[in-house]
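Below is one structure; the comments refer to it alone.
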Amino acid sequence: MDEFIAGLPKAELHLHIEGTLEPEMVFALAERNGVKLPYASVEALRRAYDFRDLQNFLDLYYQATQVLVTEQDFYGLARAYLARARDENIRHAEIFFDPQAHTRRGVSLGAVVEGLSAAMKDAAREGGPTSRLIMCFLRDLPAEDAMATLDAASHWLDRMSGVGLDSAEAGNPPGKFTEVFERARSLGLRAVAHAGEEGPSAYVAEALDRLQIERVDHGVHAIDDRALVARLAGERIPLTICPLSNIRLRVYPDMRAHPLKRLMDAGVVVTVNSDDPAYFGGYVNANYRVVQEAFALGRGELGQLAKNSFAASFLSEQGKPDRIAEIDAYVKTQQAA
Ligand code: HPA
Ligand code: ZN
C-alpha cells in the first residue's frame, strides 16, 4: 500500500512554506545570515519538537522563521519543498505563507514574494509541480495589521491566488477579519481560513458565513455539529485535513480517535495534507499512510482522497477532469496488478 500511495498523483492544499524549514536548513541559514539560535545543535532543535498544543508549536515555528532573511532564502526554501513534493508525486501545491511573520522583523514583502514565486516558476518549468500562493493573515494580530498587509501586497496580487487565516485560533474568531476578507474578495482573491483546529465547530460556521471561504483548513471540529457536517457535505465545501499535525498538536490523542473517516463517510470532500511537515514528522505521503493504516482504507478510498485534492484545488475547472481521470486510470492499473 505504501508504494500505491507513493505513486498516486495528488495535490497538496494545506502547506505552510515556513513549516518546511528542516532543522538542518535552520542551522545553515542561521550561519549564513548571522542569526543566533538558542539551540546548540540540529539534534537539540529536533528534540524541541515535542509540542503540547498549537501555541507551543507556534512559538518555535516563529522563532525558526527568523533565519529567513533574503529573497534567496525564500527561493531556496520553496525550491526544496517543491523538489520534495515532486518526489512524492504531488502534481500541484497551494502554498501558504505568513507575510507578517517576516515583515514584522524588517524583511520586505518583496523579498518574500519574489523569492517564493521565482522558485515556483522554476519548478513548474522543470516538470512540476505547478503551484499557487495563498497569503495568510496572523489572526492573533489586530485586523488593522491584516488590512495593512493586504494593502502592502497590492503590487504582488498577480502572484497570489488567495488569502488565508492562521496562527493562534482560540479567542481569535474568524469574524474579526470580515472586512479584510471582503476587501480581498473584491480584489479577485479566493478565500480560505483555518477554522475548527483548536477552535470550536462554531468557528467553522462563522468562517463560512462571515468570511465566505471556499475551503476550510483543518475543520475537524465540525464533527461536533451534525447540521454543520451535513452543510459541508451538501454544499461540497472541502476540508484540508492534516492528520499528523492534529496528532502532534494533540487535537486528537491518536488516529483512531480522529474524525477523518467519519467525515468522509458523511459525504464531506476531505483532503489529506501535511501542514508543517518539517515539524510534524512527515510530508504528504506519510499523512496518507497513517490514515490508510488507522482506517484500513482501500485503493479506491485513497484514490478518492487524491481526486478530492484536485477537485478542491484552485486549478481551472476545465483542467480538473483530466487530473481526476489520471487517478482513476492509476487506481485501475494498480488494482489489476
Ligand atoms: N494552525 C494555525 N496556524 C499555523 C499552523 C496551524 O496548524 N501551522 C502554521 N501556522
Ligand atoms: Zn495550517
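The values are calculated or read from the model by the stated rules, or taken from the named source; none is laboratory data. Keep in mind that what you see is a predicted model, and the values were worked out from it rather than measured. As a convention, Cβ positions derive from the backbone with ideal geometry for all residues, glycine included, and neighbour counts pool all protein chains shown. We work out accessible area using only protein heavy atoms, side chains counted, and drop any ligands, DNA or RNA first. Shrake-Rupley method; radii C 1.70, N 1.55, O 1.52, S 1.80 Å.
All other residues whose Cβ lies under 9 angstrom from that of Met147 are scored, Lys and Arg at +1 and Asp and Glu at -1, for a net of -3.
Other residues whose C-beta falls under 15 angstrom from the C-beta of Val163 contribute a net charge of -1, scoring Lys and Arg +1 and Asp and Glu -1.
Using alpha carbons only, the radius of gyration of the chain set against its Kirkwood radius gives Rg/Rh = 0.94.
Based on the mean of other beta carbon atoms within 10 Å per residue, what is the order of 175-181, 320-326, 134-140, most packed first?
Details: 175-181: 19.1, 320-326: 14.3, 134-140: 23.3.
Ranking the peptides 175-181, 320-326, 134-140 by packing returns 134-140, 175-181, 320-326.
Overall dimensions of segment 173-293, expressed as equivalent-ellipsoid semi-axes from the Cα gyration tensor (√(5λ), whole Å, largest first), are 24, 16, 13.
Between segment 1-79 and segment 272-337, the C-alpha centres lie 24 angstrom from each other.
Extension gain, Ala124 to Asp158: 0.36 nm times the residue separation minus the Cα-Cα distance gives 10.6 nm.
If you take all other residues with their beta carbon under 12 Å from the beta carbon of Val67, and give Lys and Arg +1 and Asp and Glu -1, the sum is -2.
Nearest 500 deg cm²/dmol is fine: what mean residue ellipticity at 222 nm does the chain get from its DSSP H runs of n ≥ 4 alone, each adding -39,500 (n - 2.57), divided by its residue count? Present the calculation step by step, with values, prior to reporting the outcome.
Working: 17 runs with 171 residues, N = 337.
Value at 222 nm, helices only: -15000 deg cm²/dmol.
Evaluating 6.51 cos²θ - 1.76 cosθ + 1.60 at θ = phi - 60° for every residue in segment 28-43, the Karplus couplings come out as 5, 6, 4, 5, 4, 9, x, 9, 8, 10, x, 10, 6, 7, 4, 5 Hz, glycine and proline recorded as x. The calculated FRET efficiency for Lys36 paired with Ala83, based on their beta-carbon distance and R0 = 35 Å, is about 0.75.
Ligands, DNA and RNA left out, the accessible area of the chain computed with a 1.4 Å probe is 48% carbon and sulfur. Checking the cross-link pairs Lys10/Lys261; Lys176/Lys261; Lys307/Lys332; Lys36/Lys121; Lys261/Lys307; Lys121/Lys332 against a 21 Å limit on the alpha carbon distance flags Lys176/Lys261; Lys36/Lys121; Lys121/Lys332 as lying beyond it. Note that the chain presents 39 Å² accessible area per residue, ligands and nucleic acids not counted, probe 1.4 Å.
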